[in-house]
Amino acid sequence: MEVLAVCSLVVAVLALALAVVSLRGARRGRRSPTEELPEDVHGLRQEVAALRAEARDALRHLAVVRYDAFGDMGGHLSWSVALLDDAGHGVVLTSIAGRSEARTYAKSIAGWRCEQQLSPEETEAIDHARPGRR
């Protein structure tokens, strides 16, 4: 019985040693995670990177502020809308509604700033469109 126990122990130790040796060999021969990916995955990663770069220039940050431009009118018929890209370049559009007419203005925005004077509502629209400032 003792001989059988010793033989079992020797076989277990040899199996463990063999497993450790094969695991070390597998680690040495292992490729980096990107090398293991199929070729089409590399192409997809390049396309995603190109789309992200292209999206930076898209006018994807927008905010609308509605308000009453004149005290005798209600309904928040006047509005300012900011349309900006990731760098804060774009435009702010404003429509001022009166009783008999409406006026529309467009102002260029560069780096979240405007060379022309902004109304408080236009400034608010730009601030609300800015990521992380809502």
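Bear in mind that the values in this text are calculations on the coordinates, not laboratory data. Bear in mind the structure is a predicted one, so any value in this text is a computation, not a measurement. Please note: Cβ atoms are built from the backbone with ideal geometry, for glycine as well, and neighbour counts cover all protein chains shown.
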**Request:** Among the residues of region 81-126, write down those that are of a type in the set (Asp, Glu) and either over 30 Å from residue 53 (Cβ atoms) or in contact (Cβ under 8 Å) with a residue 24 or more places away in the chain (or both).
**Result:** 85, 86, 101, 121, 122, 124
**Asked** Of these, 68, 85, 72, which one is among the charged types (D, E, K, R) and closer than 26 Å to residue 131 by Cβ?
**Response** 85
**Of all residues making up region 113-134, the number that are surrounded by fewer than 16 Cβ atoms within 10 Å (Cβ to Cβ) and more than 25 Å from the chain's Cα centre (by Cα)** = 4
**Complete:** Within region 59-108, restricting to residues that are β-branched (Val, Ile, Thr) and more than 28 Å from the chain's Cα centre (by Cα), the one that is surrounded by the fewest Cβ atoms within 10 Å (Cβ to Cβ) is 104
